[in-house]
Amino acid sequence: MKFNTKTIHGGQKHDTAYGAIVPPIYQTSTYAQSTPGGHKGYEYSRTHNPTRNALEKAFASIENGNYGLAFGSGLAAIDAVIKLLKPGDEVISTNDLYGGSYRLFTSIFEGFGIKFHFIGMENSSKVEHFVNENTKLIWAETPTNPMMNIIDIRTLAAIAKKHNILFGVDNTFATPYLQQPLDLGADIVMHSATKYLGGHSDVVMGALIVKDKDLADRLYFIQNASGAVCGPQDSFLVLRGIKTLHIRMQRHCENAKKIAEYLVDHPKIEKVYWPGLESHPNHEIAKEQMKDYGGMISFVTRGNNYDDAIRIVENMKLFTLAESLGGVESLSGHPASMTHASIPKEEREKTGVVDALIRLSVGIEDVDDLIADLEQAIG
Ligand SMILES: *Cc1c(COP(=O)(O)O)cnc(C)c1O
């Protein structure tokens, strides 16, 4: 089955009770048993729920995995991955990563004796310097947030395999429409389904997808034992979202391309970060491992003035200033004062998160309206 069919049919069967074309919302916590243990495969909704299971099969299908797991948020999904580890274990992670992932690693799991190394993975040869006998996980995000660096998934997968280390990829920004990390050798794919998979800014959810049965069993155990599952209503919403993922992504990419080109030519804009630009330092890797270049763009205004950036995000009308990304509507963000405010200025500037950096999540509105909005806001 091709990807554009999988988004609609992948892992899905019609409801066995009445033939409903869409998996019903089984809003139930428990299931009747005729005799102890005599049930129809469902005992308790933390462990299994038919709506969630339908979604988990869809997750597995679109990422070319064998097993999918749905969680109450993206961070709950990452939390489950780190719980595969033990005190003394070490993780090598992207340095330019989602702020909440950084907080989870450093403020929660370092306290449990797990050591994290944060490094720039655009240069994959760097990674091997940090591998030792305690290294159990390599964690990568690509494109990175908010600098849109591209990490070579295939090369990292080879390094991980050589040293017998698990390799996980946060595929939130790219989505399986653009890249399928399991096919490139990753062991675990993670999503904040809150973003593109849900696609309508109306739900918070996380996903993990794997190929290996043993790894899946360990993660299912953690999912049930720790209990950070999502509800049936939210499962229904994300299942619905996935059905249009391919056409939404196509439009996100088309619009982003036009906006990136508009910004590159704008005299008041100094830098544009979008992996589809030939000037992007990792453009060649992006071209190789991605189908298109995504809907996320960052840019810096000329002179790198904090007040200019604030004025622009305040003045935009169609781009709403808000956390999050990946919905049908366009959003803007100012990383230095929002997502990355907790990182000291000196630290964040090392990775490029300067005062005048603005991040756009380009929606699927008419691109002429979006460009007119940027035009009036940049002035
Ligand atoms: C939003 C996000 C997360 C966290 O997901 P939540 O659903 O907000 O918990 C993780 N990684 C990336 C890249 C994200 O954008």
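Which of the aspartates and glutamates could a cross-linker span from Lys211 if the Cα-Cα distance has to be under 18 Å and same-chain partners fewer than 8 positions apart are dropped?
Here the aspartates and glutamates satisfying the reach criterion relative to Lys211 are Glu56, Glu63, Asp170, Asp183, Asp187.
Write down the percent of antiparallel bridges among all DSSP beta bridges whose residues are both part of the chain, to the nearest 5.
55 percent
From the cross-link list Lys13/Lys291; Lys83/Lys161; Lys136/Lys162; Lys162/Lys291; Lys6/Lys57, which pairs have alpha carbons spaced over 18 Å apart?
Lys13/Lys291; Lys83/Lys161; Lys162/Lys291
Roughly how many whole Å is it from the C-alpha centroid of region 207-235 to that of region 121-169?
Distance between centres, Cα-based: 23 Å.
So for Asp15, Asp366, Asp152, Asp170, fewest C-beta neighbours within 10 Å to most, what's the order?
Asp366, Asp15, Asp152, Asp170
For Glu270 and Gln250, what is the calculated FRET efficiency with R₀ set at 30 Å and r taken between the beta-carbons, to the nearest 0.05?
0.50
Within a 10 angstrom radius of the beta carbon, how do Phe112, Phe105 rank from fewest other beta carbons to most?
Placing the least packed residue first, the sequence is Phe112, Phe105.
Please go through region 111-220 and write out the GluC sites (Glu not before Pro) that DSSP classes as loop and that have at most 13 other C-beta atoms within 10 Å.
Glu133
Mind scanning Lys2/Lys271; Lys115/Lys287; Lys195/Lys258 and naming the pairs with a C-alpha gap bigger than 31 Å?
Where the Cα-Cα span goes over 31 Å, the pairs concerned are Lys2/Lys271; Lys115/Lys287.
What angle do you read, to the nearest 10 degrees and between 0 and 90, between the alpha-carbon axis of helix 50-62 and the longest principal axis of the chain?
50 degrees
Give the separation of the Cα centroids, region 286-317 to region 1-58, in Å.
Taking the Cα centre of each part, region 286-317 and region 1-58 sit 41 Å apart.
In which sequence would Lys161, Lys13 go, from the one with the fewest C-beta neighbours within 10 Å to the one with the most?
Sorted ascending by nearby Cβ count, the order is Lys13, Lys161.
Return one number: the angle in degrees, 0 to 90 and rounded to the nearest 10, between the long axis of the Cα atoms of helix 153-162 and the longest principal axis of the Cα atoms of the chain.
50 degrees
Below 11 angstrom from the Cβ of Ser124, what's the summed charge of the other residues (Lys, Arg +1; Asp, Glu -1)?
Charge balance in the 11 Å sphere: -1.
Pop out the ³J(HN,Hα) list for region 72-79 in order, Karplus 6.51 cos²θ - 1.76 cosθ + 1.60 with θ = phi - 60°, rounded to Hz; leave Gly and Pro as x.
x, 6, x, 5, 5, 5, 5, 3
In whole percent, what relative contact order does the chain give with Cα contacts below 8 Å and a gap of six or more residues?
The value is 17 percent.
Compute the Cα gyration tensor for region 92-185, then decide on rounded, prolate or oblate, letting a ≥ b ≥ c be the square roots of its eigenvalues: rounded whenever a/c is under 1.5, prolate when a/b is larger than b/c in the other cases, and oblate in all that remain.
The shape class here is oblate.
Every number here is computed from the coordinates shown, using simple stated rules; none is lab data. These figures come from a predicted structure and were not determined experimentally. We place every Cβ from the backbone using ideal geometry, glycine too, and count neighbours over all the protein chains shown.
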